[in-house]
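Below is one structure, written out as structure tokens, with a few remarks after it.
The values are calculated or read from the model by the stated rules, or taken from the named source; none is laboratory data. Keep in mind it's a predicted model, so treat the numbers as computed, not measured. Positions of Cβ are backbone-derived with ideal geometry, glycine not excepted, and every protein chain shown enters the neighbour counts.
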Amino acid sequence: MKKLTLLSLLILFFYLIMNFPVPAHAQRTSGQAVQGESDPYEVTLYRQMNYAEPIGTWKLAPGMRMLKIPKIDKVPLSIFLGSAVGTLLFPDYNFSSSLKGVSGYDKGFLDGKPVNVKYYLIPFYKFTESTPKMYEKYVPDRCSLIIHRKDMKDWLGVSLENGYWSGQFYPLPEKAGDKAILYSKIPYGSDPYILSIMPGGDYSYSLYGSPNLADIDVTVTPVSGGKVKFPDPNNKTARYELKKYGIYQVSSLMIQYKGPLDQQAYIGPVRHRAPSAPDRPKPSPSYVMGVQSPQGTLAGPVKQTTPAKVMEITVPNMSGQWKSSIGLIYNITQQQNNFQWTVVNSSEKGNGTVKGYDVNATWQGPKGRGSSPGKITAVDTRGRAIKIIWKNGVQFYR
């Protein structure tokens, strides 16, 4: 009887072990997995907000200017970035976009509803930090991605926008040591293209410092023949309407990086742990339909405005019309350190103050009251503010 009882207990013990194992460490969720554990050169896309349902993780290798992922069959709603990288996210395969936003309505009506007539192209989304809530899902259900070094002031390539119909990005070679690339077949567009030269790093460049427009050479071959070089020595921006140069259809595009290259900097900065993922959702990311910052010219010695001349502007001029990353158009009037705004096709009104390059604004509109501080991040040679980044994530530009 005792032997039978002991045998029964042993059988029961092994049954419990096999079917009800003692719990060890709890399984990590996708949200826990990104808390401070990401490599500084890695990017992870997630299918859901707040870092849920990972789509995939990609890592930028040493010696690379960028990593190109031309085809992703899902649309992310959150993104986690290592501390050393930034990304361009395109709403379609192969670094292209036909995604459009809406900036206003016609006064006419169709079937009792206002007719939507004012569109703008969203060529890509930029990210320089982890974002747990990106934007509403768009159609089609696909995208593409470019990962680049955030700490390197380099050029990434050229964006061609065909009116508000479509956009295509043409990147420089992935390897930092490869300096030129030829795109021999450019799709025909119904409208003349707008060409923008795209900086990397934090997506900005200034009247001095780097990246410098003298460091890149873009050769456009029109269908009609000949060759046209950009940047234009007579134009201190990096955005060009090609029809002004007699170009209505582009046959091919050559991009060449001519500036100095510190390959060691691309190969071997000391690796370090990325910061923890943000605890609270960040504001939605914004897009910019072209670089707005002024820059020195290309011909001969590079003529640049000195820092001293820029610093003479104590109160930048904000007056005029502004586009925004949320699709609204703002008209700003300014009197010394005070300004007011109205919004096209909206009852919203706002006012605020400017002190140096710091701004503060409050507003009242259809969605209620709001307020936000911000900073003027770009000023042209005439002292006119051309880019404002607000703390709530919205950007103004012109």
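Residues of region 39-73 being in contact (Cβ under 8 Å) with a residue 40 or more places away in the chain and of a type in the set (A, V, I, L, M, F, W, C), which ones?
VAL43, LEU45, MET49, TRP58, LEU60, MET64, MET66, LEU67, ILE69, ILE72
Could you tell me which residue of region 211-232 is nearest to PHE124 (Cα to Cα), considering only residues that are in a loop (DSSP other than H, G, I, E, B) and modelled with pLDDT of 85 or more?
My answer is PRO231.
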